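Structure, as structure tokens:
The values are calculated or read from the model by the stated rules, or taken from the named source; none is laboratory data. Note that the coordinates shown come from a computational prediction; the quantities given were computed from them, not determined experimentally. For neighbour counting, all protein chains shown are included, and Cβ atoms are generated from backbone atoms with ideal geometry for every residue, glycine included. Just so you know, the surface numbers come from the protein's heavy atoms only, side chains and all, with ligands and any DNA or RNA stripped out. Shrake-Rupley method; radii C 1.70, N 1.55, O 1.52, S 1.80 Å.
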Amino acid sequence: MVASFVDLHLHLGASSTPHFLWELAHEQGIRLAEKDYFSFINSITIREKTTYDKYLKFFDLTELIQSSTYAIEKATHEAISRQYRKGKVTTVEVRFNPMLRNRGGEQDLDKIIFGAIVGMKKACLEYPVRAGLILMMDRRFPKEKNLIIAKKAARFAVEGVVGLDIGGPLTKTFRVEDIIEPVRIGRKAGLGITVHTGEVTPPEEIRQVVKLLAPDRIGHGIRSVRDPKLLDHLAKARIVLEVCPMSNIQTSAVKNWEEMGKIIDTLKRHSVLFTINSDGPELLGTTVAEEFETLIEKGILTDDDASACTRVAKEATFIR
């Protein structure tokens, strides 16, 4: 097993412990539906299998609690420092949507982003960690709002924002074509491009993303295994998949560990580059180290595979 780990797919909204969120909410005077702390724990953690849609709903509360300059600074610091202390993660990229944390425009968007940068830099001063922020666009947003996020990401590229992503619940209105311009802006500013696709969406969308956006990495991308030609193209283009095993199983994107094993075996056979990530360490109760331990225990990966995945992650990080 490797001595330290890399996490390239970590959502800020799923990286705060229950007690941290509880105290942060009370500090800000946020009214919580749950008045009992132990009931609150159940509302912001997942320990049993759920659905993809229900999984995304968990973010509504954490995003609300993290929606201030003070809160996002504290949350970003907590996310990075805790992953080092708990999981020996020394290279980490934290992703979040700033527009989902400015309370509909009540908070200044620049200040929200800068708050996250301050929290990140404090953590990097206190611990031997390299960190960067990925700003997320959203499938539910009109293209004008996603364009604003891309421009903000470009503006803060010299301060610690290292990448641009898009995620969020599936909608019938989302079109990959609508984020061509935001991606162009991000790339021109030197940002890495990653796209959430192929977690629950079909290989056809992954193909479209690859053709129109040419991302450096793909968030999840596990459904690419249904299309051998697509896999070969991913391998040839050296597009890295950010695989999140525990998350995919808990959200029912993957049935069980047997299916996950088949997915990873298929990626290996086609020489597709992939990394292992936590996705939501506190929400799901996992770390990259624990992900590797489980995969090795179940015979899905070997120690050498774990080392290889870590090397890929170190090379694929957007942090320079």
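Ignoring ligands, DNA and RNA, how do Thr302, Thr62 rank by accessible area with a 1.4 Å probe, largest first? Provide the component values of the computation, followed by the final result.
Numbers: Thr302 70, Thr62 5 Å².
If we order Thr302, Thr62 from most to least accessible, we get Thr302, Thr62.
Per residue, what volume in Å³ does the convex hull of the Cα atoms of the stretch 1-143 enclose? Please report the intermediate quantities before stating the final value.
Values: hull volume 18.8 nm³, N = 143.
Hull volume normalised by residue count: 131 Å³.
Name the GluC sites (Glu not before Pro) in the stretch 37-138 that are in a loop by DSSP and that have at most 10 other C-beta atoms within 10 Å, would you? Write out the running numbers ahead of the final one.
Details: sites: Glu48, Glu63, Glu73, Glu78, Glu93, Glu106, Glu126; in loops: Glu48, Glu106.
For GluC sites (Glu not before Pro) across the stretch 37-138 that sit outside H, G, I, E and B with at most 10 neighbouring Cβ atoms in 10 Å, the list reads Glu48, Glu106.
Cα to Cα, under 22 Å, and not fewer than 8 places away if on the same chain: which lysines meet these conditions relative to Lys236?
Cross-link targets: Lys211, Lys262, Lys268, Lys314.
Report, by chain and number, residues whose modeled amide H sits under 5 Å from the one on Gly192, excluding near sequence neighbours (fewer than 5 apart, same chain).
Correct list: Gly163, Leu164.
Kindly provide the helix-only [θ] at 222 nm of the chain, computed as the sum of -39,500 (n - 2.57) over DSSP H runs of four or more divided by all residues, to the nearest 500 deg cm²/dmol?
Working: 14 runs with 159 residues, N = 320.
The helix contribution divided over the chain gives -15000 deg cm²/dmol.
With θ set to phi - 60° and the Karplus curve 6.51 cos²θ - 1.76 cosθ + 1.60, what are the ³J(HN,Hα) couplings of the stretch 245-251 in order, to the nearest whole Hz, using x for Gly and Pro?
x, 4, 4, 4, 6, 5, 8
Could you check which residue among Ile30, Ile180, Ile41 shows the biggest mean-square fluctuation in a GNM of the chain with a 10 Å Cα cutoff?
Ile30
Can you list residues from other chains, or at least 5 along the same chain, whose modelled amide H is less than 5 Å from the amide H of Phe5?
Val89, Thr90, Thr91
In cubic angstrom, how much convex hull volume per residue do the alpha carbon atoms of the stretch 195-260 span? Spell out each step's value before the answer.
Numbers: hull volume 4.9 nm³, N = 66.
Hull volume normalised by residue count: 74 Å³.
Counting other Cβ atoms within 10 Å, which trypsin sites (Lys or Arg not before Pro) in the stretch 208-301 have at most 12 and lie in a DSSP loop? Let's see the in-between values first.
Values: sites: Lys211, Arg217, Arg223, Arg226, Lys229, Lys236, Arg238, Lys255, Lys262, Lys268, Arg269, Lys298; in loops: Arg238, Lys255, Lys298.
Answer in residue order: Lys255.
Taking all protein chains as present, what is the carbon and sulfur share of the accessible area of the stretch 72-115, in % to the nearest whole number, probe 1.4 Å? It would help to have the intermediate numbers written out before the result.
On the way: 700 of 1580 Å².
The computed percentage sits at 44.
Using a 1.4 angstrom probe, figure out how much accessible area the chain has per residue, in square angstrom, rounded to the nearest whole.
Values: 13630 Å² over 320 residues.
It amounts to 43 Å² per residue over the chain.
Find how much the distance from Tyr70 to Thr51 grows on full extension, using 0.36 nm per residue of separation minus their present alpha carbon separation; answer in nm with one decimal.
Numbers: separation 19, 0.36 × 19 = 6.84 nm, distance 3.20 nm.
So the extension gain works out to 3.6 nm.
Hey, what's the Kirkwood Rh for the chain if you take every pair of different alpha carbons, in angstrom?
Numbers: mean 1/r = 0.0514 Å⁻¹.
By the Kirkwood definition, the hydrodynamic radius is 19.4 Å.
Going by Cα centres, the stretch 286-303 and the stretch 116-180 are how many Å apart?
29
Calculate what fraction, in whole %, of the accessible area of the stretch 265-320 sits on carbon and sulfur atoms when a 1.4 Å probe is rolled over the protein chains. The partial results should precede the final answer.
Details: 960 of 2280 Å².
Taking all protein chains in place, the stretch 265-320 shows 42 percent carbon and sulfur surface.
Testing the spin-label approximation: label points 7 Å from Cα along Cα→Cβ at Thr173 and Lys143. State their distance in nm.
Label at Thr173, label at Lys143, 1.4 nm between them.
With respect to the cross-link table entries Lys88/Lys111; Lys86/Lys122; Lys74/Lys143; Lys143/Lys188; Lys57/Lys86, which display a Cα-Cα separation exceeding 20 Å? List each step's numbers first, then the result.
Numbers: Lys88/Lys111 30 Å; Lys86/Lys122 18 Å; Lys74/Lys143 30 Å; Lys143/Lys188 18 Å; Lys57/Lys86 26 Å.
In this structure, Lys88/Lys111; Lys74/Lys143; Lys57/Lys86 lie more than 20 Å apart at Cα.
Given H placed on each backbone N at 1.01 Å, which residues far from Met137 in sequence or on other chains put an amide H within less than 5 Å of it?
Placed amide hydrogens put Asp165, Ile166, Gly167 under 5 Å from Met137.
List the pair-distance distribution P(r) of the stretch 231-285, using every Cα-Cα distance, as the percent of pairs falling in each 5 Å bin from 0 up to the bin containing the longest distance, rounded to whole percents.
Computed distribution, short to long bins: 4, 20, 25, 23, 16, 8, 3.
Can you pull out the chymotrypsin sites (Phe, Trp or Tyr not before Pro) in the stretch 251-320 whose DSSP state is coil and whose Cβ has at most 12 other Cβ atoms within 10 Å?
Numbers: sites: Trp257, Phe274, Phe292, Phe318; in loops: Phe318.
Hits after loop and neighbour filter: nothing returned.
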